[in-house]
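Taking it in order: structure first as structure tokens, then the write-up.
The values are calculated or read from the model by the stated rules, or taken from the named source; none is laboratory data. Source: prediction; values computed, not measured. Cβ sites come from the backbone with ideal geometry, for glycine too, and all protein chains shown count toward neighbours.
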Amino acid sequence: MSSGAGAGPAASRTPASVDPVASLYVDVPLPHLDRTFDYLVPDSLDEQVQAGSRVRVRFAGRLVDAYVISRSPASEHEGTLAYVERAVGAEPVLTAETTALFRAVADRWAGNFVDVVRLGVPARHARAESAAAPSPAGELPPAADSGFERYRAGPSYLTAVGDGRPARAVWSALPGEDWAARFAAAAAIAVRAGRGAILVVPDNRDLARLDAAMTAALGIGRHVVLAADLGPPERYRRWLAVRRGGVRVAIGTRAAAYAPVDELGLVAVWDDGDDLHAEPRAPYPHTRDILTLRSAQSGAALLIGGFARTAEAQQLVAAGWAHDIAADRTTLRAAAPRVQAVADDVEVARDPAAAAARLPSLAWRTTKQALQDGRPVLVQVPRRGYVPSLACARDRTPARCGVCSGPLGSAGSQAVPACRWCGRPAAQWACPTCGGHRLRALVVGAGRTAEELGRAFAGFAVRTSGGDHVLADVGDEPALVVATPGAEPTAAGGYGAALLLDGWALLARPDLRAAEEALRRWMNAAALVRPDGAVIVGADAGVPVVQALIRWDPVGAAVRELAERAELGFPPAVRMAALTGPAPAVAELVAGLSLPAGGELLGSAPVAAAGVSGEPAERVLLRVPRGDGADLARQLHVSAAARSARRSAEPVRIELDPAALG
DNA sequence: TCAATCCGTATC
DNA sequence: ATACGGATTGAC
């Protein structure tokens, strides 16, 4: 027993008379400490130390935060137990359901329980705890049409939600769809059934839009907005309102997926392909997969919605785990704008002003027409800073490794190109489409500027949206609206036209998801165009994803994408882990694994030093059949635990099914 | 023979 | 992490 230095005389403490043992996780981010430890609850803290409470305990001699998982009569531990030192706050922060969720998320991504808790539980703010309860909810507005009547399987899905069944669906929203109103309607159905709901969107702009729709559907005070930028007191206050059960519906960005809503009837994510849904902190879980776990574990219905569709969402449909909610072709034709493809470089407008803006002539004519019709025109330009990569010098087909399909890169102009994933040199590359052998570097410029367009269409207003200046919406007046992907404002009556420029640059990115991501960005922009409007995409109409945009076929594209991933052996067709760190550390971690049959190790390949020390880092990829994913994650965690117990301090970054493989 | 130091191990 | 114990080394 410790000498009891510090808080009070240890000898005088007595254990609580009922369930004196608390099992808890200490807030120390080491994989070998990712298990519960037992402590005695002193009589004086009996009421405050409950399952889910935050406490402070003495662990290895120092005071650390901890999360109580349960109280019980006795411990399995052989030695003497220390006392819980004090309670932090008066109320539990974990519920039975979120405790199970945090454990499941940690297990799925080979991470620690407390690391996931840090992602999902906001910092405590003592004053917010004692502050007055939120004002009571107003009247629930009368039920309205859900708006899902236009979709096959839409009404039956909502009936299931209303009946409290754990229906799961992937929803392809029609172009022009007021998706926020549909999400709000689905949440309202769960609320009327006496259940709670969680809706997660990528960014604050989408959140503001959903917030307005929720207020329209549910009235005042029935939902709470959880956003990262609220500031600690407000963030904690709103989160507590959910935890205490005063508010049953939480909407928000990423972290809202963990909101402690009891009796969940519905969890939903909008635009799961947006990389903002991928958590950048360990263990790097993804909103879609967190909610999928949560739906499976709590029996809540799941809705994955978007204009485009990810291979991961399609995988859930293909496996028969989720239903497909989509409109039929007739409905679609009535809603979709006309899409035409114009390969860059070809048919650049003869008009000198258009040529100055590097606009193809069809784009020029379409824009002019829409402006003259009195409608705004959306111009989507790429973000800055694409990584230079290699492609066929003749037809710009991205150059890929013949062994693992990774992107080829080049260290310098003289160097032999090599795979950025597995590191193999590619001396004898041949283009799969044209058979060419010459490679060229693709360096993508900063994109067309608003000034260039302004000059090309003199007399019309030019508005920009992107970076730290994002417009939520624009009016119906004719104007050029230049936006980067994800920052496209909505137009009150829809855009008359949209120009999606530099399509080939999007497609040529050295990323496995380039095609999927290009289609997602295009569809998100094109969905803002009126059904009688036009969309011009600067890309080759022969490319399958461009065809998918022209035919507005997100499902077909996702089916093809999924098949392609299966062929290349990439997620979600398989489970993959990326291990990044100093070479000896990565090797040590790998040595601690026994890969299941059918498991493969790719690499290693050098990567740009992402580490703290600037030491040369390398990456290996591990690939196992989907069914072995849980085993792979467990082994990675065990091997990482052995390393951290041995004080092999060199950290290795472990990512499961990484969204981006540069 | 004792103390300073280095590993390895457990942390309720 | 960090604290502790047991082994190891070095100097008197």
Requiring at least 1 residues that are under 20 Å from A:Leu500 (Cβ atoms) and at pLDDT 95 or above, the helices (runs of 4 or more DSSP H) wholly within segment A:294-357 are A:329-335
Conditions (1) away from DNA strand C (no atom under 14 Å from the Cβ); (2) touching a helix residue (DSSP H, G or I) at 6+ places or on another chain (Cβ under 7 Å) -> A:Pro42 fails only (2)
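Going by what's in this entry, would A:Ala609 be described as surrounded by fewer than 15 Cβ atoms within 10 Å (Cβ to Cβ), at pLDDT below 90 and within 23 Å of A:Phe113 (Cα to Cα)? Reasoning before the result, please.
Working: surrounded by fewer than 15 Cβ atoms within 10 Å (Cβ to Cβ): yes; at pLDDT below 90: yes; within 23 Å of A:Phe113 (Cα to Cα): no.
Taking the combined requirement at face value, the residue does not satisfy it.
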Looking across segment A:501-548 at residues that are without any contact (Cβ under 8 Å) to a residue 60 or more places away in the chain and in a loop (DSSP other than H, G, I, E, B), the single one that is surrounded by the most Cβ atoms within 10 Å (Cβ to Cβ) is A:Val543
Exactly one of A:Ala66, A:Ala60 is modelled with pLDDT under 95, within 16 Å of DNA strand C (Cβ to nearest atom) and either out of contact with any strand residue (DSSP E or B) (no Cβ under 6 Å at 6 or more places or on another chain) or not aromatic (Phe, Trp, Tyr) (or both), and that one is A:Ala60
Against the condition modelled with pLDDT under 95 and of a type in the set (Val, Ile, Thr), how does A:Val529 come out, does it pass? no
The number of residues in segment A:69-103 that are within 16 Å of DNA strand C (Cβ to nearest atom) and either crowded, with 17+ Cβ neighbours inside 10 Å or within 15 Å of A:Val41 (Cα to Cα) (or both) is 3
In segment A:228-253, anything of a type in the set (Gly, Ala, Ser), surrounded by fewer than 21 Cβ atoms within 10 Å (Cβ to Cβ) and not in a helix (DSSP H, G or I) is listed as A:Gly231, A:Gly245, A:Gly246
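With a cut-off of at least 1 residues that are more than 12 Å from DNA strand B (Cβ to nearest atom) and of a type in the set (Phe, Trp, Tyr), name the strands (runs of 3 or more DSSP E) lying wholly within segment A:1-113.
Values: elements: A:21-26, A:37-40, A:54-59, A:62-72, A:84-88.
So the answer is A:62-72.
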Among residues of segment A:246-259 being in contact with a Pro (Cβ under 9 Å, 6 or more places away or on another chain) and of a type outside the set (A, V, I, L, M), the residue nearest to A:Gly52 (Cα to Cα) is A:Gly246
(message) Scan segment A:195-218 and tell me whether some residue there is hydrophobic (A, V, I, L, M, F, W, C), surrounded by fewer than 24 Cβ atoms within 10 Å (Cβ to Cβ) and more than 29 Å from A:Leu528 (Cβ to Cβ).
(response) no
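Looking only at segment A:162-202, count how many residues are assigned to a helix (DSSP H, G or I) and over 30 Å from A:Gly493 (Cα atoms). Before the answer, list the steps.
Here is the first cut: in segment A:162-202, the residues assigned to a helix (DSSP H, G or I) are A:162, A:179-192.
Now narrow it down to the ones that are over 30 Å from A:Gly493 (Cα atoms): A:162, A:190-192.
Number satisfying all stated conditions: 4.
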Restricting attention to segment A:458-477, the residues that are surrounded by fewer than 18 Cβ atoms within 10 Å (Cβ to Cβ) and part of a loop (DSSP other than H, G, I, E, B) number exactly 10
Counted residues in segment A:488-506 being among the aliphatic types (A, V, I, L, M) and either modelled with pLDDT under 90 or under 18 Å from A:Val543 (Cβ atoms) (or both) come to 5
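Hey, could you check segment A:490-500 for residues that are in a loop (DSSP other than H, G, I, E, B) and touching a residue at least 24 places away in the same chain (Cβ under 8 Å) and say which is surrounded by the most Cβ atoms within 10 Å (Cβ to Cβ)? Spell out the reasoning first.
Quick first cut of segment A:490-500, residues in a loop (DSSP other than H, G, I, E, B) only: A:492-494.
This time we only want the ones that are touching a residue at least 24 places away in the same chain (Cβ under 8 Å), so: A:493-494.
Numbers: A:Gly493: 12, A:Gly494: 21.
In this case the residue turns out to be A:Gly494.
Could you look through segment A:615-662, keep only residues that are assigned to a loop (DSSP other than H, G, I, E, B) and under 23 Å from the mean Cα position of the chain (by Cα), and pick out the one that is surrounded by the fewest Cβ atoms within 10 Å (Cβ to Cβ)?
Here the answer is A:Ala660.
Can you pull out the residues in segment A:1-48 that are among the small types (Gly, Ala, Ser) and at pLDDT below 85?
As a first pass, look at segment A:1-48 and keep what is among the small types (Gly, Ala, Ser): A:2-8, A:10-12, A:16-17, A:22-23, A:44.
Within segment A:1-48, A:Ser2, A:Ser3, A:Gly4, A:Ala5, A:Gly6, A:Ala7, A:Gly8, A:Ala10, A:Ala11, A:Ser12 meet the criteria.
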